[in-house]
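Take this structure first; my questions come after.
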Amino acid sequence: MAREAGLSPLEATLMSTLVYSGTAQAATVGGFATGAGILAAVVTVLMLNARYLLYGASLRPWLSQTSPAQAYATLWFLGDANWAMSTKAHAGGEHDAAFIFGSGVSMYLPWVAGTALGATAGDWIADPRTLGVDFLLVAFCFAMAIDLFKSRTDVAPAAAAVVVAGLLDRLAPSGWTLVAAGFAGGFTAWLRYDDAKGKAA
Amino acid sequence: MTLRVELLPLLLALALASFTCRAGGFWLMRFVTVTPRLRAMLAAAPLAVMLGIVTPAALRGGLPEIAGLAVTFAAMRLWRSDLVAMFCGVAAVALCRGLLPQ
């Protein structure tokens, strides 16, 4: 995917090493392709990775048993899968904070290696458009959206995102379209949240 | 293997933004309590951003792109794997482009 946006294999691999977030990298690479600026890209990453605020927060009681240096090193490797694994292990009686670090690193290394391999293989494809390579990003994002869609509470934020993205794309197409869509979805969820019921309406 | 120097500030800014999120929550918990309402908002953002990428592509796309999205959806329902669904969708787009006159 990164190759499609004009990143070299080295640049793509470096990006995986530094940013380490599938959704954030997919979105910002999409932004490069449409010529979005650095600010739009940073806001996109902040928004997509906002869930890590929650992950980190939930790990606080566990991770604060270690030294700050160890805790922040562990957080560098924090990902969706290893957070889910760690939370489950913690509930099951695992209290060694090294578990979070270990499971994090074991997700991180394949991610970086996979990018290096994929970006190098991209050089061998002759005409990307005939093979539909330009559609990779859209298809991947759509698949992830389907995966992220868990319940009826997701309908309203999703609808808000689609409407805002559709309108903005007509009026002012840019990397900001997805930023606006993200805020529209998040704000809708915030508005619709029902304190009395303790869940989104 | 090329590395454009002008790209480095962007990559570093993204890395910083990414790590800020990873470490920020852990750090912020010293000061803030995350209300369930705020949690709902943060949880809704990724889906919305993904749709913010898909929607413009769907609106601008022709028959191949629409078919590709439909196949992606079907594959995702069948196999529940985002990578498999992605390749099915891309294959559908390539097939349609090959068969239909451009």
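Take peptide A:152-162, look around each residue's Cβ out to 10 angstrom, count Cβ atoms belonging to other protein chains, and average those counts.
4
Averaged over its residues, how many other protein chain Cβ atoms are within 10 Å of peptide B:54-66's Cβ atoms?
Per-residue shielding by partner chains comes out at 6.
How far apart, in nm, are two points set 7 Å out from the Cα along the Cα-to-Cβ line at B:ALA70 and at B:LEU83?
If labels sit at B:ALA70 and B:LEU83, their model points lie 2.8 nm apart.
Using amide H atoms built 1.01 Å from N in the peptide plane, name the residues 5+ places from A:TYR193, or on other chains, whose amide H lies under 5 Å from its own.
Sorted by chain and number, the residues that satisfy this are A:ALA201.
A short reminder: the numbers here are calculations on the coordinates, not readings from a lab. Quick caveat: nothing in here was measured; it's all calculated off a predicted structure. Neighbour counts are summed over all protein chains in view; Cβ atoms, including those assigned to glycine, are modelled from backbone coordinates with ideal geometry.
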